[in-house]
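Below is one structure, written out as structure tokens; comments come after it.
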Amino acid sequence: MTHPTPPTHPTLAFIGGGNMATAIIGGLVRSGTPGANLIVLDPNADQRARLARDFGVRTLAAADATLAEADAVVWAVKPQSFSEAAAPCSAHVGGALHLSVMAGIRSDAIARATGSDRVVRSMPNTPALIGQGISGLYARPAVTAAERTQVEALLAPTGDVVWVEREVDLDAVTALSGSGPAYVFYFIEAMVAAAERMGLTAEQGKQLALATFSGATELARRSDDSPATLRERVTSKGGTTYAALTAMNSAGMQDSFITALQAAQTRARELGDEFGG
């Protein structure tokens, strides 16, 4: 009688144990990855203690040969800390696949610092913390199809992924979805402020705004129609929505919003230049 082979899990090392690393680690553990297969390097003792307590991971205060066990390394430090963090790790991680969730650090810099050309860059966003994010991904040519699949599985607990074929396109991803949650919060703030001006309470305005955003987004997700078509269906000429949209168009809101996203794209490119490529 034969028995099925038990599932195997790769050993993963996380350099940095902050919010994004925690989101990924929590999802992996919930989906069956043993905590013992996860190594977290973080200089903060409280952070290490929290992760060990919550997920059973192994922790390191400083880089050592333990990192050589890792099949893949996830870089989750602040971009300005990358060079300092990578220097003591490089002797141990040259044979691993590398996934970066850092903004602004290009794959050339990661390859040079780690000694591995197998690098995937990810641009996640904060809804990843509740499993509803989306990440833009770019893989260097040395990354295999199997390794792309491994990265997708690693990030699955955080939400959806979108691959881009050119690394420069991650600057656009940063502008759209990386920074995107802030735009949504900005419009929710405006709707709450408008609610108060029109005589509702802030709490009523927040409840109405949040339900409207989540409902409209889900409707757009489920519909085969374009956002423009869905908008037109809500807009009767001479009606209330028409009045609001006419005021927005008169103020040049759409053009201003597109210009704002392009400014974010430009800044993402500048950060890449600043941190080295």
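Once region 152-170 is narrowed to residues that are over 13 Å from the mean Cα position of the chain (by Cα) and either in a helix (DSSP H, G or I) or hydroxyl-bearing (S, T, Y) (or both), the residue that is surrounded by the fewest Cβ atoms within 10 Å (Cβ to Cβ) is A153.
Residues are listed down the side, and each one gets a yes or a no for (1) more than 21 Å from S100 (Cβ to Cβ); (2) assigned to a helix (DSSP H, G or I); (3) in contact with a helix residue (DSSP H, G or I) (Cβ under 6 Å, 6 or more places away or on another chain):
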site	(1), (2), (3)
F14	no, no, yes
I25	no, yes, yes
G32	yes, no, no
D54	yes, yes, no
A63	no, no, no
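Only residues that are surrounded by fewer than 16 Cβ atoms within 10 Å (Cβ to Cβ) and within 30 Å of T266 (Cβ to Cβ) were counted across region 195-224, and they come to 5.
Among residues of region 31-50 that are over 20 Å from P157 (Cβ atoms), those with a beta-carbon under 7 Å from a residue that is assigned to a loop (DSSP other than H, G, I, E, B) at least six positions away or on a different chain give the pairs L41/A63; P43/A61; R48/G17; R48/D42; R48/A61. Can you tell me which residue in region 20-31 is farthest from N125 (Cα to Cα), limited to those that are surrounded by fewer than 22 Cβ atoms within 10 Å (Cβ to Cβ) and at pLDDT 90 or above? My answer is V29. A search for C-beta distances below 9 Å between a residue of region 52-64 that is modelled with pLDDT of 95 or more and any residue that is basic (K, R), counting only pairs 6+ apart in sequence or on different chains, returns A52/R58; V57/R48; T59/R48; L60/R48; A61/R48.
Against the test of being touching a strand residue (DSSP E or B) at 6+ places or on another chain (Cβ under 8 Å) and surrounded by 11 or more Cβ atoms within 10 Å (Cβ to Cβ), the options V173, V192 yield a single qualifying residue, V173. Consider R58 carefully, then state whether it is out of contact with any helix residue (DSSP H, G or I) (no Cβ under 7 Å at 6 or more places or on another chain), of a type in the set (D, E, K, R), surrounded by 18 or more Cβ atoms within 10 Å (Cβ to Cβ) and under 26 Å from G115 (Cβ atoms). Spelling it out, it is not the case that R58 is out of contact with any helix residue (DSSP H, G or I) (no Cβ under 7 Å at 6 or more places or on another chain), of a type in the set (D, E, K, R), surrounded by 18 or more Cβ atoms within 10 Å (Cβ to Cβ) and under 26 Å from G115 (Cβ atoms).
Do we have L38 as touching a Gly at 6+ places or on another chain (Cβ under 9 Å) and buried (at least 19 other Cβ atoms within 10 Å of the Cβ) here?
yes
Of the residues making up region 124-145, at least one is modelled with pLDDT of 95 or more, part of a helix (DSSP H, G or I) and farther than 23 Å from A63 by Cα.
The values are calculated or read from the model by the stated rules, or taken from the named source; none is laboratory data. What you see is a predicted model; the values in this text were computed from it and never measured. Positions of Cβ are generated from backbone atoms using ideal geometry, with glycine treated the same way; all protein chains shown enter the neighbour counts.
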